[in-house]
Structure formats: C-alpha cells, structure tokens
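Notes follow the structure.
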Amino acid sequence: MTDKKAHLTVDGLDAAIELPIYNSSTGPDVIDVTSITKNGFFTFDPGFMSTASCESKITFIDGDKGILLHRGYPIDQLADHSDYLETCYLLLNGELPNDTQKQEFTNAVKNHSAVDPSVAALIKTFKRDAHPMAILCSAVAALAAVYNEGLDITKEEDRKITAHRLIGQMPTLAAMVYKHSQGEEFIAPDSTLGYAENYLNMTFGKAGQAPKVSQVLAKAMDRIFILHADHEQNASTSTVRLSGSSGTNPFAAIAAGIATLWGPAHGGANEAVLKMLEEIGSVDNIDKFVAKAKDKNDPFRLMGFGHRVYKNFDPRAKVMKQTCDEVLAELGLENDPLLAIAKRLEKIALEDEYFIQKKLYPNVDFYSGIIMKAIGIPTEMFTVIFATGRAVGWYAHWDEMVSSAYKIGRPRQLYTGSVQRDYPSK
Ligand code: SDX
C-alpha cells in the first residue's frame with residue numbers, strides 16, 4: 001500500500017470515490033477497485049486487458065521492453081546457464097538451489113516419475129489418432145484419482161510431493177501419449193538420464209534397447225522446457241488459479257490449465273505455426289499469406305506472431321531462434337525449407353507497416369515448432385511439449401495462491417439481458 005490514492009469522480013455522486021494504490025517492486029502499480037461495489041459499480045474489463053487478478057512474486061514481464069524475469073533472473077540468462085530442473089526449483093522456491101538442494105530436488109522428481117498403471121491403462125483406451133492434448137488432459141485429470149485420498153493441500157509437505165509427482169510424471173505422460181499414437185510399447189523412466197534426455201529416450205527409445213540420446217538434442221529439449229516454464233498470468237495459468245481457488249484437487253486444476261493451453265490462440269499456436277508454414281509451402285507464397293493476415297475480412301492470422309503483453313520481441317523467441325539455428329546445423333538441416341520460409345516470413349512481417357503499427361512480433365511459438373519437428377516430434381505433439389514445460393509454472397502459481405490467504409475467484413458481469421418480467425398468465 002502507498003499513501004497515494006486514486007480519486008474516481010462519477011457524475012451524480014457527491015464525492016469522489018477514493019481508491020488505494022499498491023506499489024509493485026517493478027512495473028505498473030495497481031489501483032484497488034474493490035470498494036467501488038459499495039457505490040453500485042463493477043469494473044468492466046473483458047479479456048482482463050487491464051486487470052491484475054492477483055499479487056505474485058514468481059514472474060515479471062515488461063511487454064514494451066521485451067523483458068521476462070523468473071524470480072528476477074532474465075530468461076536468456078536462465079536459458080544459457082541454467083537447466084530445466086534448476087529453473088523449476090527457482091520458480092517453486094524463489095531462489096536458485098545450492099548443489100545439495102539441486103541434487104535432492106532432482107532425486108525427488110526422478111523418484112516420482114513413474115506413472116500409475118491405472119493411468120497407463122487409461123491412455124491405451126483412446127483411439128490412436130486422438131489428439132494428444134485430449135489424452136494428456138484426461139491423463140492428468142486421472143492423476144487426481146490416483147492422488148486424492150489423504151492429500152491435504154494445506155500441508156506444505158503434501159504440496160511439495162505433489163510438485164515432485166507433477167514435474168516427474170509430465171514427461172512420462174507426454175512420452176506415453178506419443179508411444180500410444182505410434183502403437184509402440186511404453187518406455188519406463190530411466191533415473192540414470194537427465195530430465196530432457198529421459199523424455200527423449202521414453203519417446204524415441206525402443207523397449208529393451210539401451211538409451212542413445214543426442215546430447216545436443218537433449219540440451220535443445222531442456223532449453224525448450226525452460227522457455228515454456230512460466231509466463232505470469234497467461235490464460236492457462238489464470239485458469240489453474242481460478243480452478244484451484246475453489247480448493248479442488250491440484251491435478252484437476254492443472255488439467256483445466258491443459259485444456260486452456262490447447263487453443264490455437266494460446267499454446268496450440270506452435271502446432272498452428274507449422275501447419276501455416278506447410279500451407280505457405282514456398283517463399284514465393286509468403287506475400288499472399290501476409291496480405292491475408294492483414295485483411296480485416298479474412299480470419300487468417302499469422303500464427304506465432306503477436307502477443308497480448310509483448311509489444312516488442314518476445315525474449316523467448318530470440319532464444320528459440322538461436323536454438324533453432326544450432327539444432328538444424330547440428331542435424332545438417334540448416335537448409336530446411338520450413339526454416340527458410342519462417343525466416344523470410346519474419347523478415348517481411350517485421351518490415352511491414354501493418355505489423356509495425358500493431359506491434360506484432362514473433363512470439364515463443366514461432367520457432368519452437370521448427371526445432372521440435374527437426375528433433376522428430378510430430379506437429380500434434382507440440383502443445384504437449386509446451387504443457388510439459390509449463391506444468392511447473394502452473395504449479396508454482398497454484399502453490400503461491402493456496403499457501404497464502406485466498407478467496408474463491410468469482411467475477412461479476414455487465415448484465416444487458418431482460419429485466420424482471422412475469423410469466424404470462426394462461
Ligand atoms: C502464447 O499470454 C501469454 O503469456 C501466452 C504465452 C504464454 O507463454 O503463456 O505467451 C503463449 O499463447 C503466445 C501467443 C500464441 N498465439 C499466436 O501466435 C496466435 C496468433 N496471435 C494472435 O491470435 C494474437 O496476437 C494473440 C491472441 C496472441 C493476442 O491477441 P490480442 O492481444 O487479443 O490482440 P487482438 O486479437 O485484439 O489483436 C490486435 C490487433 C487486431 O487488429 P485490429 O482489430 O486492431 O485491426 O492486431 C491484429 C488483430 O487483428 N493481430 C493480428 C495478429 N495478432 C493480432 N493480425 C494478424 N496476425 C496476427 N497474428
């Protein structure tokens with residue numbers, strides 16, 4: 001709280017409504033509008049474009065400057081110097097782990113990476129061509145059936161083991177979903193492997209064969225997980241907070257987040273980017289698609305471009321582009337036609353007045369799909385990878401909420417329907 005106040009004058013009210021202002025540590029301060037209901041008003045902010053739904057210490061984004069900080073550390077520094085499990089520890093605990101803490105956290109996650117047979121059986125009940133996000137959403141909801149009795153979310157220890165189970169099992173579930181789509185046997189987690197290495201082995205390994213995962217691809221996969229780990233109050237994280245605010249099972253709340261992430265306006269954009277690049281097919285066709293994206297009468301949008309918060313480069317897109325170049329060079333795919341289309345499309349869009357005026361830049365999804373395709377991950381699995389990386393962010397926000405005083409979220413509305421009327425007498 002500060003001594004500063006906002007004074008809202010309203011026609012017809014004798015006195016201005018005085019509203020407290022709270023200071024941020026960086027970024028915009030907030031005006032507490034809770035008291036305006038006493039004067040018979042609600043605020044109106046569809047899409048929450050100007051609404052701070054909560055107080056948080058986890059992630060900070062400056063959209064105008066293209067800044068993304070996790071507990072104060074810039075995303076490019078974490079991508080260069082950290083690894084995914086260390087970043088998970090940081091997001092959950094607020095500080096980087098020392099060597100002992102890192103080893104203990106890594107062991108705890110590894111010890112909880114096996115999936116209950118009931119969930120494995122559930123995955124096998126789906127059609128093999130079912131969308132992987134539908135299966136993942138159901139599988140994580142099923143974890144709420146496995147871990148419910150005796151789970152007390154008011155106890156820190158229960159919340160800690162839940163974090164280990166979620167972070168440990170997401171890659172195992174992601175790999176199982178892929179294996180099911182291929183009609184192949186599931187590969188069990190291997191505690192001798194690193195986190196991303198283990199995911200790639202469970203995905204592309206063969207039953208009974210020793211793991212052989214490229215360290216370059218494992219490093220790229222780990223970086224993709226880091227870049228997707230958290231992003232403040234995005235749609236899926238806000239879903240997890242709102243769902244969790246009722247006190248529901250945390251795995252059920254995470255499953256709700258997965259459902260939200262699936263949409264093409266959100267995490268589904270990485271899959272949509274690849275489909276768009278394949279539809280463009282050649283650099284010769286780019287101008288036609290850019291024109292469609294600019295045409296107000298055409299619903300087509302340049303997938304992987306634009307962001308609700310970033311009105312500058314998404315800092316994750318810069319790291320993703322660098323990783324893309326590294327991986328494709330390592331694989332001898334630097335002449336990949338989709339990469340050529342993506343780079344040309346980015347150049348044209350960034351020089352086009354429409355995109356400049358609307359501040360539309362490449363976002364995290366623009367290059368991630370090209371890397372994942374090069375690694376051998378099918379397009380419809382891209383958002384499953386996004387969810388696997390983002391699970392820790394969803395959990396960190398849920399944990400931050402339930403470990404503090406919180407109320408069930410319950411927005412109000414601008415009602416413009418029929419006023420009260422009587423049922424017609426017969
Ligand atoms: C993610 O919130 C997060 O943090 C999300 C995320 C995370 O890590 O959790 O960062 C991950 O979801 C990234 C975004 C992935 N989505 C896409 O790439 C899909 C394509 N992008 C757009 O659909 C759009 O940019 C959104 C949804 C991302 C943001 O849309 P907004 O903020 O609601 O903006 P808007 O739709 O009101 O667009 C503003 C203007 C409009 O034109 P006008 O009506 O003002 O004339 O910009 C235009 C839009 O038509 N516009 C685009 C465009 N995005 C916006 N025009 C062409 N192509 C686009 N991609």
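The values are calculated or read from the model by the stated rules, or taken from the named source; none is laboratory data. Computed from a predicted structure; not experimentally measured. Here the Cβ positions follow ideal geometry from the backbone for every residue, glycine too, while neighbour counts run over all protein chains shown.
Considering only the range 249-281, state which residues are within 9 Å of the ligand (Cβ to nearest atom) and in a helix (DSSP H, G or I).
Step one: list which residues in the range 249-281 are within 9 Å of the ligand (Cβ to nearest atom), which gives 261, 263-270, 272-273.
Passing the criteria: 261, 269, 270, 272, 273.
I need every pair where a residue in the range 263-282 that is within 12 Å of residue 345 (Cβ to Cβ) has its Cβ under 8 Å from the Cβ of a residue that is within 8 Å of the ligand (Cβ to nearest atom), sequence separation at least 6 or different chains.
Listed pairs, sorted by first residue: 273/303; 273/304; 273/365; 273/366; 276/302; 276/303; 276/304.
In this structure, does residue 246 turn out to be within 9 Å of the ligand (Cβ to nearest atom) and either farther than 24 Å from residue 87 by Cβ or in contact with a Gly (Cβ under 9 Å, 6 or more places away or on another chain) (or both)?
So residue 246 fails the test.
Please note which helices (runs of 4 or more DSSP H) are completely contained in the range 294-389 and include at least 3 residues that are of a type in the set (A, V, I, L, M, F, W, C) and away from the ligand (no atom under 13 Å from the Cβ). Lay out the reasoning, then the answer.
On the way: elements: 315-330, 337-350, 353-357, 365-375.
By residue number, 315-330, 337-350, 365-375.
Considering only the range 283-292, state which residues are within 12 Å of the ligand (Cβ to nearest atom) and touching a residue at least 60 places away in the same chain (Cβ under 8 Å).
290 - this is the single residue of the range 283-292 that is within 12 Å of the ligand (Cβ to nearest atom) and touching a residue at least 60 places away in the same chain (Cβ under 8 Å).
Go through 82, 113 for me and flag whichever is at pLDDT 95 or above, surrounded by 18 or more Cβ atoms within 10 Å (Cβ to Cβ), of a type in the set (S, T, N, Q) and touching a Pro at 6+ places or on another chain (Cβ under 9 Å). Give the derivation first.
Numbers: 82 fails: touching a Pro at 6+ places or on another chain (Cβ under 9 Å).
Within the list 82, 113, the selection yields 113.
Rundown of residues vs (1) surrounded by 23 or more Cβ atoms within 10 Å (Cβ to Cβ); (2) at pLDDT 95 or above; (3) of a type outside the set (Gly, Ala, Ser), yes/no style:
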| residue | (1), (2), (3) |
| --- | --- |
| 201 | yes, yes, yes |
| 205 | no, yes, no |
| 211 | no, no, yes |
| 216 | no, no, yes |
| 221 | yes, yes, yes |
| 225 | yes, yes, yes |
| 235 | no, yes, no |
| 240 | yes, yes, yes |
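In the range 226-243, which residue that is more than 9 Å from the chain's Cα centre (by Cα) and among the small types (Gly, Ala, Ser) is farthest from the ligand (Cβ to nearest atom)?
243
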